[in-house]
Structure formats: C-alpha cells, structure tokens
Amino acid sequence: MQGRLSAWLVKHGLIHRSLGFDYQGTETLQIKPEDWHSIAVILYVYGYNYLRSQCAYDVAPGGLLASVYHLTRIEYGVDQPEEVCIKVFAPRRNPRIPSVFWVWKSVDFQERESYDMLGISYDNHPRLKRILMPESWIGWPLRKDYIAPNFYEIQDAH
C-alpha cells in the first residue's frame, strides 16, 4: 500500500521504495544513498522541517547497514503533524551515505554516533569523528560481526 508521501514522490519522479507502515501508521520509505541528499532537501522544502531522530543498525551479520531518519512535517494550526521514516541502506564494505547536516543541523551528534558505533561514513559532515569511543578505538562495536577485545588480556599486558 502506497502512502501519501510515496504517492507525492512518484508524481514528481523521485525514485524510492515504499516499505509500508509501522505499528503507529508512520509511512516508511527506502531511499538509495546516491539519491538521499537531494531527496532530503526536497522533503525539507516540502515541509518536513523537523528531524526527530536519526539512528543506525546492522541489518544482519555480513549484510547491509541502515541509517534511519524520523522526519516530522510541522505546520501552524495542525494538531497532528505528519511523520515519515526514511531508511538508507549502505554496503558493509564501504558504508557511505551523504550527511544531511546542512539540511537538519540536529543530526550532528546522531550521525557521529552512527559513525562511531557502526562505521557509516556520512559524506560532507563537518565534524565526523568518534563521539562515544576513544579516537584510538579499533572497530565498530554495534556491528553484529564485531569481536570485542579481551579486556583481561589488555590489562595483563600493562
């Protein structure tokens, strides 16, 4: 079933894939990484002026990584704001997704956390560096194939 935003994107020739609706009725769309930045700008102009959250997850061991954006269309005098969930999938070997920092500044720390935990590089992010782990940390702790270092061996070495 196609939602309102998906129908609007189709009408304007914008490539995407509808992933249906979540349990609250929020429309979920998949956008290709190479199309994400331009569609993000279009969504902002269309009225999705609030980025409620951004997160990322590992779809499956050895599989794709996903960056997820929850956007809200806030209009004066509207009791129920319109929401949409956007998923952008990236290959595990070289996960690169355009940053939307210049569209929604609130994504700053959220994209940095996704980079820090999963290794997704957000192209054109102004300060993409680790935010939770030390800069010297090796690996991406929230990837399903991540092997945590043995801290007892590290302690014994010192």
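The values are calculated or read from the model by the stated rules, or taken from the named source; none is laboratory data. Predicted model, so just to flag it, every value in this text is computed and none were measured. Glycine also receives a Cβ, built like all others from the backbone with ideal geometry; neighbour counts cover every protein chain displayed. Just so you know, the surface numbers come from the protein's heavy atoms only, side chains and all, with ligands and any DNA or RNA stripped out. Shrake-Rupley method; radii C 1.70, N 1.55, O 1.52, S 1.80 Å.
Across segment 14-40, the number of residues qualifying as open to solvent by less than 60 Å² (accessible area, probe 1.4 Å) and either out of contact with any Leu (no Cβ under 7 Å at 6 or more places or on another chain) or not small (G, A, S) (or both) comes to 16. Restricting attention to segment 41-50 and to residues that are under 18 Å from V78 (Cα atoms) and either charged (D, E, K, R) or out of contact with any strand residue (DSSP E or B) (no Cβ under 8 Å at 6 or more places or on another chain) (or both), the residue that is least open to solvent (accessible area, probe 1.4 Å) turns out to be Y44.
Please indicate, with yes or no, whether at least one residue in segment 41-55 is touching a helix residue (DSSP H, G or I) at 6+ places or on another chain (Cβ under 9 Å), under 30 Å from R143 (Cα atoms) and among the β-branched types (V, I, T). No, segment 41-55 has no match at all. When segment 52-79 is filtered for residues that are among the hydroxyl-bearing types (S, T, Y) and farther than 20 Å from V103 by Cα, the ones remaining, listed by number, are Y57, Y76.
Residues being among the polar types (S, T, N, Q) and in contact with a strand residue (DSSP E or B) (Cβ under 6 Å, 6 or more places away or on another chain) are entirely absent from segment 80-89.
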